[in-house]
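The values are calculated or read from the model by the stated rules, or taken from the named source; none is laboratory data. In this text, all values refer to a predicted model and were calculated from it rather than measured experimentally. Virtual Cβ from ideal backbone geometry, glycine too; neighbours counted across all protein chains shown.
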Amino acid sequence: MRQKNSVSALGRESFLAPVEWSSEGWPIMGEQRRLRLDGPGPALPRQPLPPKPARDEFASATLDLEWNHVRNPDLSRYSLSARPGWLRLKGSPVSLDDLASPTAVVRRQRHFGVQLATRLDFSPTRDGDEAGLVLRQTDALHAEFFVTRTNGERRLVLRLSEPVKPTEPCKKTVLSDISAPAGAIQLLVTADRDQYRFTWKSDDGKTGDAGSIPTSALAVEASWPKGIMCFTGMMAGLYATGNGAEASAPADFDWFDYLPRE
């Protein structure tokens, strides 16, 4: 894993390495049995893939193959046709902490420096419903930047969920909790090698800073001392949940941006 200050948010990555065969017929990988992050390659013609747009407009009939679900999804909770040009998620009782399939679509974070953003239209009528952006390592290690309803008021919350022990519920820390602006809202996460910073922007141009989370708090190494192994790296995306009940309203996402910054 590529690391910064002995931690990595990216997890294990696939790469190619040179191979030589010993006289006994064993493959020897790397240069002098040591792997490097870069090195010479074979003199083959380049076949670059066409670049993908940074923004997914959710304008197709199906989700792009870069999107993943957590375990086996209930596909009836996902729609690209209920509101054309938007991804609609209908939250279930399953939360991001549960060993089940929450209503979520996530894609791999492939760069240390990246900006993630979405525009969310969500007006819950029941306290406890939530929808927004998620950064997910495991069921017990994730961060959420979401719109919810508390005591009848629409709120915008930044929360960190951390593992305690494999048999115990994760520890939840609310880092920011403010009144959410009316209407649709843009949620943004700006990542670098040291931190994730969370900001928001309303449709009428108002902006705000919800705070930051150190990369070390969400890195794969953060769960190992608690007895929870993970190697796949950060998955970032969109989610909705009723936290033990059916969500009272659908969460509509207008688009999703993945903008590398390194």
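A compact table of results
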quantity: Every residue from the stretch 196-216 that is over 14 Å from the mean Cα position of the chain (by Cα), surrounded by 16 or more Cβ atoms within 10 Å (Cβ to Cβ) and at pLDDT below 95; calculated: Ser216
quantity: Pair list, Cβ < 7 Å and 6+ apart or interchain, from the stretch 202-218 residues that are closer than 16 Å to Pro163 by Cα to residues that are surrounded by 14 or more Cβ atoms within 10 Å (Cβ to Cβ) and β-branched (Val, Ile, Thr); calculated: Thr215/Val7; Ser216/Val7
quantity: The listed residue being in a strand (DSSP E or B), of a type outside the set (Val, Ile, Thr) and more than 11 Å from Tyr239 (Cβ to Cβ), out of Ala117, Ala131, Ala140; calculated: Ala117
quantity: Subset of the stretch 239-262 (residues that are assigned to a strand (DSSP E or B) and either without any contact (Cβ under 8 Å) to a residue 12 or more places away in the chain or touching a Lys or Arg at 6+ places or on another chain (Cβ under 8 Å) (or both)); calculated: Ala240, Ala251, Asp252, Phe253, Asp254, Trp255, Phe256, Asp257, Tyr258, Pro260
quantity: Hits in the stretch 171-189 - residues which are part of a loop (DSSP other than H, G, I, E, B), in contact (Cβ under 8 Å) with a residue 40 or more places away in the chain and aliphatic (A, V, I, L, M); calculated: Ala184
quantity: Test: residue in the stretch 157-170 that is closer than 15 Å to Ala104 by Cβ, in a strand (DSSP E or B) and modelled with pLDDT under 95; calculated: yes
quantity: One residue from Arg46, Arg36 being closer than 27 Å to Gln137 by Cβ, outside any strand (DSSP E or B) and not aromatic (Phe, Trp, Tyr); calculated: Arg36
quantity: From the options Ser22, Ser14, residue that is surrounded by fewer than 13 Cβ atoms within 10 Å (Cβ to Cβ), of a type in the set (Gly, Ala, Ser) and modelled with pLDDT under 80; calculated: Ser14
quantity: Hey, Pro40 exposed (fewer than 10 other Cβ atoms within 10 Å of the Cβ), farther than 30 Å from Leu116 by Cα, under 34 Å from the mean Cα position of the chain (by Cα) and without any contact (Cβ under 8 Å) to a residue 24 or more places away in the chain or not; calculated: yes
quantity: Within the stretch 56-97, considering residues that are among the aliphatic types (A, V, I, L, M) and touching a residue at least 24 places away in the same chain (Cβ under 8 Å), the one surrounded by the fewest Cβ atoms within 10 Å (Cβ to Cβ); calculated: Ala59
